[in-house]
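Asker: Okay, handing you the structure first.
Each value in this text was obtained by applying a stated rule to the coordinates, not by laboratory testing. What you see is a predicted model, and the numbers here were worked out from it, not measured in a lab. FYI the Cβ positions are ideal-geometry reconstructions off the backbone, even for glycines, and counts take in every protein chain you see.
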Amino acid sequence: MNMRIGIAAAAALLTLLSGCTRAEETGRPPEKARETEEDASREPYYYGLIEEYRSILAEDPHNLAATIALGNAFYDSGNWKEAITYYERALRLDPHDTDILTDLGTSYRNIGMPDRAIDAYRRALRYNPGHLNARYNLGVVYGYDRKDYAGAVREWEELLRIAPGFHHAAMMRAAIKSFEANMAGKGGQ
């Protein structure tokens, strides 16, 4: 039994480590950010992981690594509501985990709750003002979901100041120009 838990814990750690960059990948415009159920169904290996993490949590309900890994497995399979459930559970165990807050925000965004997404990203930035993915995704929600172009420009200009070589920098610069043109045409926002 201990070997099974050890293997599952190792798998959870690998999932955690690979999950740290996911939030940035889903911070695309809305039409590209959301996976459909059909897309998620093409990735059946998540369901085996989900069952394994659930069995670990049945034996050790306070296992933070398994809780996060289960949230990540649901996130990766596009099951946003279940991801939210486990990310919130993980945050009760470690309320300052900025990667989990960022993934929580993206999960909220993907179920059409931009205000909750903004709250999660803001909490992440309160704990770590330099969290690039939280700031990037905050700009995405402001610009594409809320049409708050000034908010998006503000967040992305700050991100570009902190990390001018950020991997989405070219897209952000182009979007900033577009948002600024939109604001000029509408008298600002």
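Asker: Taking the Cβ of V153 as the center, what net charge do the other residues with Cβ under 14 Å away carry, scoring Lys and Arg +1 and Asp and Glu -1?
Answerer: +3
Asker: Using the alpha carbon gyration tensor of the range 96-178, what are the three equivalent-ellipsoid semi-axes (square root of 5 times each eigenvalue), largest first, in whole Å?
Answerer: On the way: eigenvalues 71, 47, 18 Å².
Output for the range 96-178: semi-axes of 19, 15, 9 Å.
Asker: Could you order peptides 139-151, 61-73, 118-130, 172-184 by the average number of other Cβ atoms within 10 Å of their residues, highest first?
Answerer: The packing order, highest mean first, is 61-73, 139-151, 118-130, 172-184.
Asker: Let me ask another. Assuming 0.36 nm per residue, please report the length gained on full extension of the stretch K186 to I111 beyond their Cα-Cα distance.
Answerer: Gain on extension, K186 to I111, equals 24.1 nm.
Asker: Give, as a single signed number, the net charge of other residues whose beta carbon lies under 10 Å from the beta carbon of H62, with Lys and Arg counted +1 and Asp and Glu -1.
Answerer: After counting each charged neighbour, the total is +1.
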